[in-house]
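Since the structure comes first, as structure tokens, the remarks are kept for the end.
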Amino acid sequence: MRRGLMLSAVLLGTSLLMVAASQVMADPTMAGSEACKDCHQKEYSQYLTTSHGRAQSDGAALPEKMGCETCHGAGSAHVAAGGDTKDPGFATIQRPDKQAAAKANEICLGCHKGGEQFYWQHSAHARKDLACVGCHSIHNSKDGAHAKLLKAETTTALCLGCHKSNHLAMGKSSHMPIGTNGMGCNDCHNPHGSAGPKQIRALTTNDLCLSCHADKRGPFLWEHAPVRENCLTCHEAHSSSNDKMLVARRPFLCQRCHTPSGHPGNLYDAPRLGTSALQVVNRSCSNCHSQIHGSNSPSGKTFLR
Amino acid sequence: MRARIISMVVLAASLLVAGQVLAQSDGAATFGGQWWSQTHPEAKYQEYRDLSRGGYLADYVLREFDGPYAGALWGNDALTHNQGNGLYLARGVTWRLDAQYNETPHNLSFVTRSPWVQTAAGVFRLPDAVQQVNRNWLAPGGVLKDSTAFNRNMANLYASSPVVPLGVQTDVSKLRLRLRPIKDWQFEVRGTERQREGSAAYGTTFSMNPDIELPVPISQRTVDVDATGNYTHGPAKVMASIGISDFHNRIPTLIWDNPIVAHDSSWASGGKTTGATGQMAMAPDNRVVRGTGAFSVQLPYSSTFTVTLGVSQTTQDQAFIPLTSNSALTLAGGLHANDLAALPAQSLNGKVMTVVQDYRLVGRPLPKLYGTLRIREEKLDDQTPSLSFLTGYSPADQSITLPSVKSPAPESEAWSRRNDVYGLDADYSINRYVDVSLLVERRTRVHPEPREVPRDGENVFGGGVRARPLDNLNVTANYKYGQRKMDSFDVTTYDDGSGALAERAFLRRFDIADRNQSVFNGAATWSPSEKLDLTFSGWWNKDNYKNSLIGLQSVQNTQVFGEAGVHPSSIVDLSGGFGYGQMKSTQAGGEGTFYTDVTKGLPWTSNVDDKNVYAFAHASWWAQPKKVQLATQYTFTRDLQVNALSQPADPVKALDLPPGFYRTHDVSVEAHWYYTAGLEFGCRYDYVQYDVNDWLAQSIPYVNVNPSLAVPTSAAGFFLGNNKLSYTANMVQVFATRRF
């Protein structure tokens, strides 16, 4: 009997404490960004210089008013804790960098729904549970002008942080000018997803290549079928050990598809190199068939013209 | 040089003053001086950069912000030909204007020469005297009377010709305006102008009598303008965009002198070297008009359905050039071959429509299951009219090939295709440590005509595992297998029009051949402590064209890469990495005329083995914490190619081509002195050693003559001498960074 009363008292006491605690914890309310800066002056000042800070004073087009609590959640309990980390209210503030990626991304996607992020849900990065804050830093970005709030100085450096084997690709003798001022990974790929293959910034591979190499766009009077099929039939996308980022050396590349009698079918070996055969020295097949991407010359059927 | 230095000093000073004057601003600039030397003028050292000597402005950034307003100006390598500059102005989220200007050189060679002089855009002339002298050495029938003297004459001409560097400069200007005028709406307008100027090596030929490589001018402009609108409402969003891309080539035609012939002629039989000039059409102007629409909606079970429809139309209607520039050639019916009236049309009126439909459903039907269903159709419809050249044509400005039973009139063909993909991806989380994935895909391709495989299909199956056995250890492994099979093979497409085969019956072109493909990739990252990070990734794939008796038979690609980072203390960082790649391919060909029997004639195989290595080591040390930092890095790259050839019927002849390699050692050391929070001084030394040994890119003569031929010009080449050179280079930089 006594044991029963004691147990009941303990249960009752525990319940009352839980109710009391829940009332304390219940529904923190918005405290306003001004409340944050007393303790987080550095972060707040830095935040004001970013696009998120600007949105605080001109964000009428956003779903809700922008402020610290847009990302960190209602902060009244955290503020009330007054810096006491043992206070249960202290931990009610949200830290997107400590949250599960999907939950943290929901905060970002609340505003960043269209444009670059239109296909985010279908991206390889979303599928692999990557968090927006894995690449972007709201308070400590390293790209010089903070235009993209990146965690690295350039997009290329950021991408190579995970896609490390591309260092190997960039070390090949023939490669894209990636990493120069003129080109970065994100010029061809949209890390937030796209409707094209490999998250490219075009609907098809050829559309992407031809956006810069518009001289190969044609349509030509005399077309070369594999060019229309896919640029990657003959070229690597990032780099190769062969001239012009070809997947194989000429004449052997050409001979993968052209083998009739005469010079297209001949074996170009060391003796033929010794006799300076035009099909093997210098530009090989392209010494003559230079219009290999297609010809608009009326006599250019064999791409000599 | 003086102007450059003055400009940089003024720009740097402006930035510094601006930083002091503007109350709400910050920024930085790094400037200094650099000096470098190179033992041989190999363009690789400056392949994608413009290295100056003397003062330089490495980078700068200036940001200003005031409430909702902000602006920034930044850039790198100012006032050089590889500069990049950016600017943005913004007001809150209402609008933002971005502008960018980037210059990128692609230096190809600094040692090439050519005696052909460009007298007008795309017109390359030799002095008439040269042609006259060479002409005097021609005997009737086109045979040289004194080939040795001719070759000597051309060699002397090259020796006295100026160096004509090869390279293309690409300058890109971009402007983008983003607007969010009201809730739920976003608009964006983008414009890009791309200018390409320079010269590149281009092969021209008088049907090998002779071949002439020219430094062809590149002068092109592409302008793109696109406008996009986004509307978001609740769980749904819509995106629509329209755009246009306009390409203009300022060098539409290339014309060049024949070094042997001064006046056009036409020899009735065995006519060779008859055209005084050659002529070809360069890349034609074209225009793309495109539009994309997409709709996406969030559905129950954390799912999202998105449909995208993209349509584009590419048109090209550049005026044709005549069949030949040779005024002495006539066609059937007595028409002059250089008369535009001899053409079946005056321009192509080319039109290609591309339509892409993409449907994707991604979601989480069960808490532990994440899946994607996707359907994609990509259709390229070439609506360009076909033209028949019934009057004949002139493949190399030497003679006219008249239509005959053996050589029917050439007829241009449109190449259309359609690619469909149906795919399912699924990820299932077994527990908090292990996820598994599944891939099932069906791909089909249709080539209406005239490709030899009207339709093929590929089934792809794959699976993978992602494991986190420890908090700091992630491991992934994926494998997929695809089997592509053609529905049928139409050997009649190899018919040259006369009933004879123009290709070997057993040739299967690898882009449409039967193929079994295996792909494996894996990766691991492990951070056993805060002082050590380890990463590893590997890739292996093999494409097996098992039914291709002639053509490409297999390609095997292997890549491994590992990296380690060690942080023994707060003042020392060490890292290093090693990568190895290998691509092996085997292909089969055959010499002789045995088109329908692979065992006859002289079958041959070529085994190519490409190996490349990348390694680096990096160390940094705070000699004086937060004050002085020293760093050094070593990078090594090497491409090695071995080409093994075999021809069982003639093993003596099938001697392997010499192996070749490209190798780079790059060592740098640098020191940084952080004098104050806003001022830093530094210096850097860089040493590069580049070694090359490649039969395809070295020993390229200006005058290429087959020494075994009695009549050299029957297979002679006049090249630019575009040779790769081994070199060493040293560079010293001193610089200061000012932050404000």
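The values are calculated or read from the model by the stated rules, or taken from the named source; none is laboratory data. Values in this document were obtained by computation on a predicted structure and should not be read as measured data. When we count neighbours, we look across all protein chains shown, and the Cβ atoms used for this are built from the backbone with ideal geometry, even at glycine. For accessibility, only protein heavy atoms count, side chains too; no ligands or nucleic acids. Shrake-Rupley method; radii C 1.70, N 1.55, O 1.52, S 1.80 Å.
Assessment of the range B:680-695 against the conditions (at pLDDT below 95, of a type in the set (A, V, I, L, M) and in a strand (DSSP E or B)) yields no matching residue.
Considering B:ALA319, B:ALA283, which residue is over 30 Å from A:TYR119 (Cα atoms) and touching a His at 6+ places or on another chain (Cβ under 9 Å)?
After applying the criteria, what remains is B:ALA283.
If you check B:THR401 against the conditions, is it closer than 27 Å to A:GLU229 by Cβ, among the polar types (S, T, N, Q) and at the interface with chain A (Cβ under 10 Å from one of its Cβ atoms)?
The answer is no for B:THR401.
Within the set A:HIS263, A:HIS293, the sole residue that is surrounded by fewer than 24 Cβ atoms within 10 Å (Cβ to Cβ), touching a residue at least 24 places away in the same chain (Cβ under 8 Å) and either out of contact with any Gly (no Cβ under 6 Å at 6 or more places or on another chain) or within 18 Å of B:GLY590 (Cα to Cα) (or both) turns out to be A:HIS293.
In the range B:359-384, the residue that is farthest from A:HIS125 (Cα to Cα) out of those that are within 27 Å of the chain's Cα centre (by Cα), facing chain A (nearest Cβ under 9 Å) and assigned to a strand (DSSP E or B) is B:ASP382. Residue check: B:VAL598 meets all listed conditions (1) within 10 Å of chain A (Cβ to nearest Cβ); (2) closer than 30 Å to B:THR492 by Cα; (3) open to solvent by 20 Å² or more (accessible area, probe 1.4 Å); (4) not charged (D, E, K, R) but one, namely (1). Within the range A:113-129, if we keep just the residues that are assigned to a loop (DSSP other than H, G, I, E, B) and without any contact (Cβ under 8 Å) to a residue 12 or more places away in the chain, the residue that is nearest to B:SER241 (Cα to Cα) turns out to be A:GLY114.
Scanning the range A:200-240 for residues that are of a type in the set (A, V, I, L, M), part of a loop (DSSP other than H, G, I, E, B) and surrounded by fewer than 20 Cβ atoms within 10 Å (Cβ to Cβ) gives a single hit, A:ALA237.
Of the residues making up the range A:80-94, those that are outside any loop (DSSP other than H, G, I, E, B) and in contact with a His (Cβ under 9 Å, 6 or more places away or on another chain) are A:GLY89, A:PHE90, A:ALA91, A:THR92.
Per the conditions (1) more than 11 Å from chain B (Cβ to nearest Cβ); (2) in contact (Cβ under 8 Å) with a residue 40 or more places away in the chain; (3) outside any loop (DSSP other than H, G, I, E, B), the sole criterion not satisfied by A:ASP97 is (2). Being closer than 25 Å to A:LEU160 by Cβ and out of contact with any helix residue (DSSP H, G or I) (no Cβ under 9 Å at 6 or more places or on another chain) holds for only one residue in B:SER548, B:SER554, B:SER518, B:SER527, and it is B:SER527.
Scanning the range A:152-175 for residues that are in a loop (DSSP other than H, G, I, E, B), open to solvent by 30 Å² or more (accessible area, probe 1.4 Å) and more than 9 Å from chain B (Cβ to nearest Cβ), which turns out farthest from B:ARG638 (Cα to Cα)?
Initial filter on the range A:152-175 (in a loop (DSSP other than H, G, I, E, B)): A:152-154, A:163-165, A:171-173.
Of the ones still in play, those that are also open to solvent by 30 Å² or more (accessible area, probe 1.4 Å) are A:153-154, A:163-165, A:172.
Add one more test, that the residue is more than 9 Å from chain B (Cβ to nearest Cβ), and what stays is A:153-154.
On the way: A:GLU153: 28, A:THR154: 26 Å.
Here the residue is A:GLU153.
Of everything in the range B:305-336 that is facing chain A (nearest Cβ under 10 Å) and open to solvent by less than 10 Å² (accessible area, probe 1.4 Å), the residue that is nearest to B:ARG418 (Cα to Cα) is B:GLY310. State whether the residues of the range B:632-643 include one that is more than 14 Å from chain A (Cβ to nearest Cβ) and assigned to a strand (DSSP E or B). There is at least one residue in the range B:632-643 that is more than 14 Å from chain A (Cβ to nearest Cβ) and assigned to a strand (DSSP E or B).
Looking at (1) more than 8 Å from every other protein chain (Cβ to nearest Cβ); (2) in contact (Cβ under 8 Å) with a residue 24 or more places away in the chain; (3) closer than 26 Å to A:PRO260 by Cβ, find the lone condition where B:LYS626 falls short. Of everything listed in (1) more than 8 Å from every other protein chain (Cβ to nearest Cβ); (2) in contact (Cβ under 8 Å) with a residue 24 or more places away in the chain; (3) closer than 26 Å to A:PRO260 by Cβ, B:LYS626 misses just condition (3).
For the range B:196-224, enumerate the residues that are open to solvent by 40 Å² or more (accessible area, probe 1.4 Å) and either farther than 25 Å from B:SER109 by Cα or not aliphatic (A, V, I, L, M) (or both). Those that are open to solvent by 40 Å² or more (accessible area, probe 1.4 Å) and either farther than 25 Å from B:SER109 by Cα or not aliphatic (A, V, I, L, M) (or both): B:ARG196, B:GLU197, B:TYR202, B:SER207, B:ARG221, B:VAL223.
Taking the range B:474-503 as the range and being charged (D, E, K, R), open to solvent by 50 Å² or more (accessible area, probe 1.4 Å) and over 30 Å from B:VAL436 (Cα atoms) as the test, the residues that pass are B:ASP487, B:ASP490, B:ASP495, B:ASP496.
Is one or more of the residues making up the range A:274-282 within 26 Å of B:PRO284 (Cβ to Cβ) and touching a residue at least 12 places away in the same chain (Cβ under 8 Å)?
No; the residues of the range A:274-282 include none that is within 26 Å of B:PRO284 (Cβ to Cβ) and touching a residue at least 12 places away in the same chain (Cβ under 8 Å).
Per the listing B:THR493, B:THR558, B:THR525, the residue uniquely within 14 Å of another protein chain (Cβ to nearest Cβ), assigned to a strand (DSSP E or B) and closer than 30 Å to B:GLN587 by Cβ is B:THR558. Counting only strands (runs of 3 or more DSSP E) that sit wholly inside the range B:45-141, those with at least 3 residues that are open to solvent by less than 10 Å² (accessible area, probe 1.4 Å), within 7 Å of chain A (Cβ to nearest Cβ) and not basic (Lys, Arg) are B:84-91. I'd like to check something: does the range A:121-144 contain any residue that is buried (at least 17 other Cβ atoms within 10 Å of the Cβ) and closer than 21 Å to B:HIS233 by Cα? The answer is yes, given that some residue of the range A:121-144 is buried (at least 17 other Cβ atoms within 10 Å of the Cβ) and closer than 21 Å to B:HIS233 by Cα.
The C-beta contact set for the range B:505-519 (first residue within 14 Å of A:GLN255 (Cα to Cα) and within 10 Å of chain A (Cβ to nearest Cβ), second residue aliphatic (A, V, I, L, M) and open to solvent by less than 20 Å² (accessible area, probe 1.4 Å), distance under 8 angstrom, 6+ apart or interchain) comprises B:PHE506/B:ILE550; B:LEU507/B:ILE550; B:ARG508/B:ILE550; B:PHE510/B:LEU552.
Among the residues of the range B:337-349, write down those that are surrounded by 17 or more Cβ atoms within 10 Å (Cβ to Cβ) and either at the interface with chain A (Cβ under 9 Å from one of its Cβ atoms) or under 12 Å from B:SER266 (Cα atoms) (or both). Matches in the range B:337-349: B:ALA337, B:ALA342, B:LEU343, B:LEU348. Of the residues B:LYS183, B:LYS174, only one is within 13 Å of another protein chain (Cβ to nearest Cβ), open to solvent by 20 Å² or more (accessible area, probe 1.4 Å) and without any contact (Cβ under 8 Å) to a residue 12 or more places away in the chain; which? Exactly one of B:LYS183, B:LYS174 is within 13 Å of another protein chain (Cβ to nearest Cβ), open to solvent by 20 Å² or more (accessible area, probe 1.4 Å) and without any contact (Cβ under 8 Å) to a residue 12 or more places away in the chain, namely B:LYS183.
Here's the yes/no breakdown for (1) surrounded by fewer than 16 Cβ atoms within 10 Å (Cβ to Cβ); (2) among the aliphatic types (A, V, I, L, M); (3) away from chain B (no Cβ under 14 Å); (4) within 25 Å of the chain's Cα centre (by Cα):
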position	(1), (2), (3), (4)
A:GLN56	no, no, no, no
A:CYS68	no, no, yes, no
A:CYS71	no, no, yes, yes
A:ALA80	no, yes, yes, no
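Based on this model, can you work out whether B:SER241 counts as open to solvent by 20 Å² or more (accessible area, probe 1.4 Å) and either modelled with pLDDT under 95 or not in a strand (DSSP E or B) (or both)? Spelling it out, it is not the case that B:SER241 is open to solvent by 20 Å² or more (accessible area, probe 1.4 Å) and either modelled with pLDDT under 95 or not in a strand (DSSP E or B) (or both).
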